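The values are calculated or read from the model by the stated rules, or taken from the named source; none is laboratory data. From a predicted model like this one, the values you see are computed outputs, not experimental measurements. Positions of Cβ are generated from backbone atoms using ideal geometry, with glycine treated the same way; all protein chains shown enter the neighbour counts. Heads up: the accessible areas ignore ligands, DNA and RNA and are worked out on the full protein's heavy atoms, side chains in. Shrake-Rupley method; radii C 1.70, N 1.55, O 1.52, S 1.80 Å.
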Amino acid sequence: MGLSLTDNRMHYTRAPILEAVIDIHVRLPAAVLLEQLAQIEWGEEHGSFGEPRPRLRGDVRFGGGAEGPTITASQSQIGFTFGDVERTRIVQARLDGFAFSRLAPYDRWEPFCEEARQLWERYCAAVKPLGVTRVAVRYINRLELPLPLKNFRNYLRTFPEVSPDLPQGLSSFLMQLQIPQEDIADGVLILNEGILESTDPNVAAVLLDIDLFRPVAMPVSGTDVWDALEELHNRKNEVFEASITDRTRELIR
């Protein structure tokens, strides 16, 4: 990737993380039913998770015919989500995989990853996946930048550049970059940036959403999956540091 960082595990006391996600896609035996996902026991050591809530997937299909193009939208249930009483941890048990989210306040990768691994083992014991097909790490950040904000360049190193022939003021923007990670096998970075709503008249809230994933063909047991997630997390740290300036670092130290 070409980054040279002395410490890609820098810890910020005011980390801007809204949500951190570990996501693992799997192949399940055909006999696994939705009801089995709802009945997974996550273990008392993880505290109380609430009643399962349906996890839906939206599908949009485009067609065409003599009367012109058609669009058909539908939803299907693919699993369940379980949330804790503090609303800071969410588990997804799906027919296509497992995910664990930690919402703010987020501390460090090590305890987050360890809890995800323990919950993953509960998922595997219940539905016995045949193999892992995709791994992903996603961190959604909210940067609160002081107003007046004269130039994004002071805080961000990747930002939309407006033609000098146009007015330079931005009231909103949404930008997505998809960047292959050539040194991570089939790895892809999706970087989303945009303006978020803010109730504080003194700050501009900016989304910095870092989503890293790679398709894999790995066994469920062993360390391969967790080694791959560790590699993606290390890259996430590098991307975050490469995306902000020292002025932003001072805001979140």
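Could you please find all residues in the stretch 158-179 being small (Gly, Ala, Ser) and open to solvent by 100 Å² or more (accessible area, probe 1.4 Å)?
Answer for the stretch 158-179, where residues must be small (Gly, Ala, Ser) and open to solvent by 100 Å² or more (accessible area, probe 1.4 Å): just 171.
Residues checked against (1) more than 22 Å from the chain's Cα centre (by Cα); (2) at pLDDT 85 or above:
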position: 3; (1), (2): no, no
position: 9; (1), (2): no, no
position: 12; (1), (2): no, yes
position: 32; (1), (2): yes, yes
position: 38; (1), (2): yes, yes
position: 44; (1), (2): yes, no
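Every residue, every condition in (1) closer than 19 Å to residue 150 by Cβ; (2) of a type in the set (A, V, I, L, M), yes or no:
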{"residue": "173", "(1), (2)": "yes, no"}
{"residue": "176", "(1), (2)": "no, no"}
{"residue": "184", "(1), (2)": "no, yes"}
{"residue": "197", "(1), (2)": "no, no"}
{"residue": "204", "(1), (2)": "yes, yes"}
{"residue": "209", "(1), (2)": "no, no"}
{"residue": "221", "(1), (2)": "no, no"}
{"residue": "224", "(1), (2)": "no, no"}
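Among (1) at pLDDT 90 or above; (2) of a type outside the set (Val, Ile, Thr); (3) surrounded by 12 or more Cβ atoms within 10 Å (Cβ to Cβ), which single condition is residue 57 missing?
Residue 57 satisfies every listed condition except (1).
Give me the residue from the stretch 68-89 that is open to solvent by 60 Å² or more (accessible area, probe 1.4 Å) and of a type in the set (A, V, I, L, M, F, W, C) and, out of that set, farthest from residue 120 (Cα to Cα).
Once the filter is applied, the top-ranked residue is 71.
Confirm whether residue 202 is open to solvent by 70 Å² or more (accessible area, probe 1.4 Å) and either in contact with a Ser or Thr (Cβ under 9 Å, 6 or more places away or on another chain) or polar (S, T, N, Q) (or both).
So residue 202 fits the description; yes.
Of everything in the stretch 222-248 that's open to solvent by 10 Å² or more (accessible area, probe 1.4 Å) and touching a helix residue (DSSP H, G or I) at 6+ places or on another chain (Cβ under 8 Å), which residue is nearest to residue 129 (Cα to Cα)?
Selected residue: 226.
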